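The values are calculated or read from the model by the stated rules, or taken from the named source; none is laboratory data. Just so it is clear, the model here is predicted, and its values are computed rather than measured. Cβ: placed from backbone, ideal geometry, glycine included. Neighbour counts: every protein chain shown.
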Amino acid sequence: MANIGEQSGTTYLLAVGTKKGLWLGTSADRANYVFTGPHFLMNEIPSIGIDTRNRKTRILVGVRSEHWGPTVSHSDDLGETWTEPENGAITFPQDTGAALERVWQIQPDSEGSPGVVWAGCEPISVWKSTDGGEHFELNRGLWDHPHRPEWGAGFGGAAAHTVLPSPTDPNTIHIAMSTGGVYRSTDAGATWEARNKGISAGFMPDAEPEFGQCVHKIARDPNNPETLYAQNHHGVYRSDDNADTWNSIADGLPTDFGFTMLTHPRRSGTAWVVPIMADSERIPPGGQLAVHRTDDAGASWTRLSDGLLEPDFNVVLRDAAAVDTEEPAGVYFGTRGGTVYASADEGISFTAVLTQLPDVLCVRAAVVEL
């Protein structure tokens, strides 16, 4: 595979984390990619963050070794070299009696908070870095929350898998976890409140509890920070009041189960999901993989499958999908069968850019200057 550094100018970066390593690709047209990898061969890569603030590009990856355990590594030269703090980027304080199991989410904050990077981890916890993701501090407000003893583990583990800092209010942060649901802080993480009203938990004795929902992924509207979208373990929802209440937008989808939720980088009302049959099947409906897009905030959905393999019985996991910030927006996702697709036209058509990888766990995309 060619050296990424051979390219220059405006470039599209695609990062793919798998059960056995990381692949990094660049492209001039979002269809033909030059990839390097695998980086971190035989290590699980469940999370990736691409930080392009200040016209610099830092790639952060959650790395999990069966022998050495989990950590966060970063590269400032598109993967040519990697740096890991000597004592680990994320280490639980001794008084917690806990040990890090997996880094599920790496999320750079907004342009107004340079250097701030968030991480969501297993056991369920949220961490904040102020030095670009080199060292993280445990958020004690969430760790000491009275609900924590009752948070459970989803099928993949006990995951704080989504961290959404508000782009306009540095005090507001939303997180989602499996299982536990959506929580919101309005005081920069000092305290947290469950915000799940309207999200069903039909698998529990109380179908609408305060918390305990298995929310698979949430995403924020690009223009109205108080509008959020959620893919639940059965249920697709939208909130227009900062997650105080949620309303179903699943009508028009072939199934309300799935793992992914993406929103457009600029246009309100546009979101993408990948429906999966559940609970006894866990495959795309009829073995026909497809992305579904709404352009009216969930009032209707359009099925998109041009360029996707048929049939395909593989699932797309919660972080194995991404959008970029180009116009039109690029849409990307990878399957547990090891195929990675790219679309340069918001999902109207897809091209397979990688095949026969290990299980794809995480996909991230960005527009960068080389």
How many of the residues making up region 270-289 are surrounded by fewer than 19 Cβ atoms within 10 Å (Cβ to Cβ), at pLDDT 95 or above and either assigned to a loop (DSSP other than H, G, I, E, B) or aliphatic (A, V, I, L, M) (or both)? 3
Look through region 294-346, keep the residues that are part of a loop (DSSP other than H, G, I, E, B) and among the polar types (S, T, N, Q), and return whichever of them is surrounded by the fewest Cβ atoms within 10 Å (Cβ to Cβ). 300
Could you tell me which of the residues 114, 108, 123, 170 is touching a helix residue (DSSP H, G or I) at 6+ places or on another chain (Cβ under 6 Å) and either surrounded by 16 or more Cβ atoms within 10 Å (Cβ to Cβ) or at pLDDT below 95 (or both)? 114
Would it be correct to say that residue 119 is of a type in the set (A, V, I, L, M) and either over 20 Å from residue 330 (Cβ atoms) or part of a strand (DSSP E or B) (or both)? yes
For region 68-93, what are the residues that are modelled with pLDDT of 90 or more and among the acidic types (Asp, Glu)? 76, 77, 80, 84
Please specify each residue of region 257-266 satisfying the condition of being closer than 28 Å to residue 326 by Cβ and buried (at least 16 other Cβ atoms within 10 Å of the Cβ). 258, 259, 260, 261, 262, 263, 264
Close pairs (6 angstrom Cβ cut-off, 6 or more residues apart or separate chains): within 23 Å of residue 155 (Cβ to Cβ) and touching a residue at least 12 places away in the same chain (Cβ under 8 Å) in region 288-315, of a type in the set (D, E, K, R) and not in a loop (DSSP other than H, G, I, E, B) anywhere: 290/303; 292/303
Of the conditions (1) more than 30 Å from residue 18 (Cβ to Cβ); (2) assigned to a loop (DSSP other than H, G, I, E, B); (3) modelled with pLDDT of 95 or more; (4) not aliphatic (A, V, I, L, M), residue 133 satisfies every one except a single condition; which number is it? (1)
Hey, residue 276 touching a strand residue (DSSP E or B) at 6+ places or on another chain (Cβ under 9 Å) and under 30 Å from residue 336 (Cβ atoms) or not: yes
